[in-house]
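Below: the structure, in structure tokens.
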Amino acid sequence: MSHISHDQPAPWWKSAVIYQIYPRSFGDSSGDGVGDLAGITERLDHLTWLGADALWLSPFFRSPMHDFGYDVSDYCDVDPVFGTLADFDALLEAAHARGIRVLIDWVPAHTSIDHPWFVEARASRTSPKRDWYVWRDAGPAGELPNNWTSALTDGAPAWTLDEASGQLYLHSFLPEQPDLNWANQEVQEAMQGVLRFWLDRGVDGFRADVIHNIGKDPALADADPKLAKIPHCALNDEPVTHAYLRDLRRLLDSYPNERAMVGEVFLLDTKQVAPYYGRGDELHLSFNFPPLFAPWEAARWRECVEDTFAVLDPVEAWPTWVLSNHDVKRHRTRYRSEARARAAAVLLLTLRGTPFLYMGEELGLEDAEVPPERVVDPGGRDGCRAPIPWTRGPSHGWPASPWLPFAPDAAPRSVEAQRGDADSVLHLYRRLLAARRGSPALRLGSMKILDGPEGLFVYRRDADGDRRWVVVNFRDKPTPLELDGSLSVEVASDGAEEGEPFRGHVGADQALILA
Ligand code: NOJ
């Protein structure tokens with residue numbers, strides 16, 4: 001177990017607020033309508049003003065962009081659309097100068113079909129790199145090796161025929177994203193080399209894409225037919241992955257300054273997620289998606305939170321919390337009201353664990369409506385990837401018309417408009433981040449769930465005499481609530497009565513931090 005003794009400061013990744021940037025849609029320095037690394041550097045003031053501790057960059061590596069960068073053709077170079085390695089170094093330096101740590105996205109389970117490794121592997125059945133990927137023959141009547149289905153393909157099989165060599169290769173996602181064969185030692189070494197390349201450049205860690213999908217059943221056995229329609233990557237949960245993760249953790253630990261890895265463990269049950277932390281010797285953090293898919297109901301959220309602590313606490317694993325990302329509808333859209341989205345922000349930033357913000361949620365952005373002729377993502381995720389509106393003006397701070405349309409109400413939702421309005425969603429996020437920074441209880445304290453009236457989720461955070469109560473009203477009716485002691489409102493999701501005594505009353509769709 002990796003025990004943190006009480007006189008040591010907690011590791012940064014436990015108390016940080018991590019802000020996800022989707023590089024195509026953040027800042028555009030080149031003026032081609034697609035965001036780039038220098039454009040991110042130009043906009044770092046936004047993160048400093050907000051108070052974010054770290055940023056996670058979705059992929060900016062060389063890629064033919066079938067999956068907008070999650071199909072990597074060179075892990076150690078920047079795609080020209082995003083700039084150059086020098087631009088990356090400048091971004092890293094500028095972020096570090098502001099005290100902001102940088103995580104980059106590492107895509108270890110599959111490459112692009114254009115990666116030189118795959119080009120070499122597919123060249124012949126006897127290629128030295130053939131075994132870097134997963135190849136099988138079809139059966140006599142063309143039968144596939146198993147019933148696995150792929151993601152982003154409307155349920156197509158996870159196997160595609162390579163006409164030239166007559167064999168099928170495995171792909172958990174698009175046919176343009178062949179799965180790497182991690183059972184091959186050379187693959188492990190090559191992917192570790194990628195980590196070293198970026199660690200040596202100074203990154204603080206990685207978000208590891210579908211990390212649970214690197215280990216495969218050596219027998220490639222059929223999935224349970226009842227589940228076979230679910231993309232196989234959401235079912236793949238193999239013991240061998242833990243051995244790979246322990247090697248990766250040793251590699252990270254061999255570097256100074258607590259380099260961290262947060263894994264995307266896209267499995268359907270939190271119980272399956274816990275083992276990926278190992279005994280403090282695998283992932284530092286793991287995403288846990290059941291809460292992301294939970295409806296906005298007090299009982300469901302309470303259950304998700306209790307389930308999370310029930311399985312993570314016994315293995316001393318630190319939770320993460322996410323409301324939105326580049327793969328799902330934004331929570332402002334899912335929860336269908338700004339008041340609920342604001343209350344959800346209070347929840348996200350006060351639960352025990354590390355919160356991840358997805359760029360634009362601090363503006364209360366909804367998904368963009370993307371007309372059919374502008375749809376570009378095979379997985380239908382364009383709406384949540386719309387560009388950040390920086391200014392009120394017609395092009396919202398983008399030099400050219402961006403690659404995707406803006407979300408609705410881009411002018412009033414722009415950073416410029418909201419910075420000038422103390423009641424805005426943006427200012428609420430800033431107050432929440434400041435409240436966390438100022439409170440050991442909110443950052444690292446224990447969390448006790450309290451029983452409250454139906455529709456409310458109430459909990460208390462405690463650390464060494466510092467104490468906060470959090471109340472989230474999931475309903476659109478005002479609700480009375482009695483709490484012991486004389487408490488005052490530190491942050492209110494609607495800004496009401498901050499700094500004033502708590503009067504035993506929670507507004508409709510309101511969430512409060514009380515001190
Ligand atoms: C998960 C990423 O978040 C998603 O955007 C991508 O399509 C898949 N992994 C495949 O890499």
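Where a number appears in this text, it was derived from the coordinates with a stated rule and is not lab data. Being a predicted model, the structure only gives us computed values, none of them experimental. Cβ placement follows ideal geometry from the backbone for every residue including glycine, while neighbour counts extend to all protein chains displayed.
Partner lysines whose Cα lies under 29 Å from the Cα of Lys129, excluding those fewer than 8 positions away in the same chain, are identified as Lys216. Within the shell defined by Cβ-Cβ distances under 15 Å, the residues around Ala386 carry a net charge of -2, with Lys and Arg each +1 and Asp and Glu each -1.
Diagonalising the gyration tensor over the Cα atoms of the stretch 152-284 and scaling each eigenvalue by 5 before taking the square root yields semi-axes of 28, 19, 13 Å, largest first.
Kirkwood analysis of the stretch 349-493, using all unique Cα-Cα pairs, places the hydrodynamic radius at 17.9 Å.
Taking only the Cα atoms of the stretch 83-145, the radius of gyration and Dmax are 19.7, 62 Å. Sorting Cys304, Cys76, Cys384 by the number of Cβ atoms found within 10 Å of their own Cβ, with the fewest placed first, yields Cys76, Cys304, Cys384.
Compared with the dominant principal axis of the Cα atoms in the chain, helix 338-348 is inclined by about 80°. Extents of the stretch 1-149, largest first, come to 63, 49, 27 Å (Cα atoms, principal axes, whole angstrom).
If you take the square roots of the eigenvalues of the alpha-carbon gyration tensor of the stretch 414-515 and sort them as a ≥ b ≥ c, do you get rounded (a/c under 1.5), prolate (a/b over b/c) or oblate? Judged from the Cα gyration tensor, the stretch 414-515 comes out oblate (a/c at least 1.5, b/c at or above a/b).
Spacing of the modelled spin labels on Arg136 and Glu258, each 7 Å from Cα toward Cβ, amounts to 4.4 nm. What net charge do the residues around Thr308 carry, taking every other residue with its C-beta under 12 Å from that of Thr308, with Lys and Arg at +1 and Asp and Glu at -1? So the environment of Thr308 carries a net charge of -2.
Modelled spin-label separation between Ala164 and Glu416, with each label point placed 7 Å from Cα along the Cα-to-Cβ direction: 5.1 nm.
Mean projected area of the convex hull spanned by the Cα atoms of the stretch 360-422, taken over all viewing directions: 4.3 nm².
Rounded if a/c is under 1.5, else prolate if a/b is larger than b/c, else oblate: which is the chain, with a ≥ b ≥ c the root eigenvalues of its Cα gyration tensor? Here the chain falls in the prolate category. All distinct Cα pairs of the stretch 29-73 go into the 1/r average, and the inverse of that average, the Kirkwood radius, is 12.1 Å.
Convex hull of alpha carbon positions in the stretch 42-99: directionally averaged projected area 4.2 nm². Cβ crowding within 10 Å, taken as a proxy for footprinting-reagent exposure, orders Arg101, Arg392 from fewest neighbours to most as Arg392, Arg101. Per residue, the average separation of C-alpha pairs within less than 8 Å and at least 6 apart gives the chain a relative contact order of 12 percent. Between the amide H of Thr160 and those of Tyr169, His171, distances stay under 5 Å, these residues lying 5 or more places away or on another chain, with hydrogens modeled in the peptide plane.
Per the Cα gyration tensor, the stretch 82-196 maps to an equivalent ellipsoid with semi-axes of 34, 16, 12 Å, ordered largest to smallest. Computed over neighbours whose Cβ is under 14 Å from that of Arg431, the net charge equals -1, Lys and Arg +1, Asp and Glu -1.
With θ taken as phi - 60° and the Karplus curve 6.51 cos²θ - 1.76 cosθ + 1.60 applied, the whole-hertz 3J(HN,Hα) list for the stretch 367-373 is 5, 6, 8, 9, x, x, 6 Hz, x standing for glycine and proline. Each listed q (0.15, 0.21 Å⁻¹) maps to a log10 I(q)/I(0) for the stretch 299-379, found by the Debye formula over equal Cα scatterers with no solvent: -0.64, -1.01. Each of Arg413, Arg196 was scored by other Cβ atoms within 10 Å of its Cβ. Arranged with the fewest first, they read Arg196, Arg413.
3J(HN,Hα) couplings calculated from phi for the stretch 390-395 with the Karplus curve 6.51 cos²θ - 1.76 cosθ + 1.60 (θ = phi - 60°) are, in sequence order, 8, 10, 5, x, x, 9 Hz; Gly and Pro show x. Calculated mean residue ellipticity, 222 nm, the chain: -7000 deg cm²/dmol, from DSSP H runs (n ≥ 4) at -39500 (n - 2.57) each, averaged per residue and rounded to 500.
When each of the peptides 295-303, 227-235 is scored by the mean number of other C-beta atoms lying within 10 Å of its residues, the order from highest to lowest reads 227-235, 295-303.
Protection proxy ranking for 346-359, 113-126, 208-221, using the average of other Cβ atoms within 10 Å per residue and placing the highest first: 346-359, 208-221, 113-126. Residues whose amide H lies under 5 Å from that of Asp74, counting only those 5 or more places away or on a different chain, are Arg62; hydrogens are built 1.01 Å from N in the peptide plane. Segment Glu297..Asp269, full-extension length gain: 8.2 nm, with 0.36 nm per residue of separation and the alpha-carbon distance subtracted.
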